[in-house]
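No value in this document is a laboratory result; all are computed from the given coordinates. Quick caveat, the model's predicted, so the values are computed rather than measured. Ideal geometry is used to build each Cβ from the backbone, glycine not excepted, and the neighbour counts take in all protein chains shown.
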Amino acid sequence: MSIQDLKQAEKLEVKSYFNGMGFDRWNRIYSDSDDVNNVQRNIRIGHQKTVDDVLSWIKEENNIETISFCDAGCGVGSLSIPLAKMGAKSIYASDISAAMITETQQRAKAEDVNMKLLTFNTSDLESLEGSFHTVICLDVFIHYPQEAAEEMVRHLCNLSEQRLIVSFAPYTPFLAILKKIGQLFPGPSKTTRAYTLKEKGIISAANACGFHLIRSKLNKAPFYFSQLIEFKKRIT
Ligand SMILES: C[S@@+](CC[C@H](N)C(=O)[O-])C[C@H]1O[C@@H](n2cnc3c(N)ncnc32)[C@H](O)[C@@H]1O
């Protein structure tokens with residue numbers, strides 16, 4: 001089997017996980033359901049910090065009605081829905097999992113969101129096309145090893161006119177040890193491989209596409225570690 005075949009097999013595994021058991025698990029984590037264990041509740045708390053930071057960074061600029069967004073790997077719409085409620089110009093919500101996209105649509109309708117602002121797409125990140133003011137990809141790179149994640153950053157930069165925001169589980173020697181002893185990604189989420197990434201490589205990949213670092217913040221909760229980075233395109 002070639003490396004390409006292996007990558008494809010791993011992606012199919014991720015897709016089927018997020019259409020099945022993974023959908024059920026993450027749909028509960030990204031909700032206010034009481035049907036979560038302690039680890040899942042902590043992941044929920046940590047993830048909400050990441051989403052809240054992104055929303056507050058966007059609010060700072062006071063021009064959301066002029067901004068087109070791509071929410072790459074949107075999950076159940078935890079970011080797309082508030083962006084629509086805040087009055088974004090448009091949001092392209094995309095995910096590899098059809099179950100996630102259906103859930104995002106249902107949640108948006110239930111929350112009375114203006115559905116005209118949202119476009120839904122079921123596809124992997126690699127197949128994303130188009131041009132957006134701001135591209136955001138939160139907590140998806142966990143499925144990408146370093147080199148593939150850097151390639152993905154370059155791809156997302158090519159889709160972005162002005163800003164890229166990404167978050168990922170950072171590689172640190174401490175987290176590497178936790179991962180080794182199985183505490184970082186506990187329980188059945190081990191059904192898909194989880195990769196931690198070196199921030200330096202992610203920043204270099206964005207720099208190579210003309211995007212420079214604006215800010216970087218680590219969000220933590222027990223069992224949740226996510227480095228959130230904002231890049232903007234250099235004005236030439
Ligand atoms: C942990 S969830 C994060 C969801 C969302 N970004 C958020 O922060 O609320 C990861 C999401 O990435 C999606 N995903 C995983 N691999 C993907 C790929 N190669 N292309 C597109 N989406 C992918 C999964 O289906 C899942 O919805």
What about Ile136, is it of a type in the set (A, V, I, L, M), within 11 Å of the chain's Cα centre (by Cα) and in a strand (DSSP E or B)? yes
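May I ask you to say which residue of Leu83, Leu156 is farther than 24 Å from Tyr195 by Cβ, within 18 Å of the chain's Cα centre (by Cα) and not in a strand (DSSP E or B)?
On the way: Leu156 fails: farther than 24 Å from Tyr195 by Cβ.
On inspection, the qualifying residue turns out to be Leu83.
Which of the following residues is touching a residue at least 60 places away in the same chain (Cβ under 8 Å), under 18 Å from the mean Cα position of the chain (by Cα) and away from the ligand (no atom under 14 Å from the Cβ): Ile96, Ile58?
On the way: Ile96 fails: away from the ligand (no atom under 14 Å from the Cβ).
Answer to the check: Ile58.
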Has the stretch 30-41 got at least one residue that is within 21 Å of Asn114 (Cα to Cα), among the aliphatic types (A, V, I, L, M) and either in a loop (DSSP other than H, G, I, E, B) or touching a His at 6+ places or on another chain (Cβ under 8 Å) (or both)? no
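Can we say Ser90 is within 18 Å of Val166 (Cβ to Cβ) and away from the ligand (no atom under 14 Å from the Cβ)?
Details: within 18 Å of Val166 (Cβ to Cβ): no; away from the ligand (no atom under 14 Å from the Cβ): yes.
Criteria not met by Ser90.
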How many of the residues making up the stretch 1-20 are part of a helix (DSSP H, G or I), within 12 Å of the ligand (Cβ to nearest atom) and not charged (D, E, K, R)? 7
Answer yes or no: is there a residue in the stretch 36-44 that is within 14 Å of Ala98 (Cα to Cα) and either out of contact with any helix residue (DSSP H, G or I) (no Cβ under 6 Å at 6 or more places or on another chain) or in contact (Cβ under 8 Å) with a residue 12 or more places away in the chain (or both). no
What are the residues in the stretch 1-52 that are under 30 Å from Gly87 (Cα atoms) and touching a Lys or Arg at 6+ places or on another chain (Cβ under 6 Å), if any? Ile29
Starting from the stretch 220-236, take each residue that is at negative phi and list its partners that are assigned to a loop (DSSP other than H, G, I, E, B) and among the small types (Gly, Ala, Ser), counting only C-beta distances under 6 angstrom and pairs at least six apart or across chains. Phe225/Ala169; Lys233/Gly210; Arg234/Gly210
What residue, of Thr134, Thr119, is away from the ligand (no atom under 12 Å from the Cβ) and crowded, with 23+ Cβ neighbours inside 10 Å? Thr134
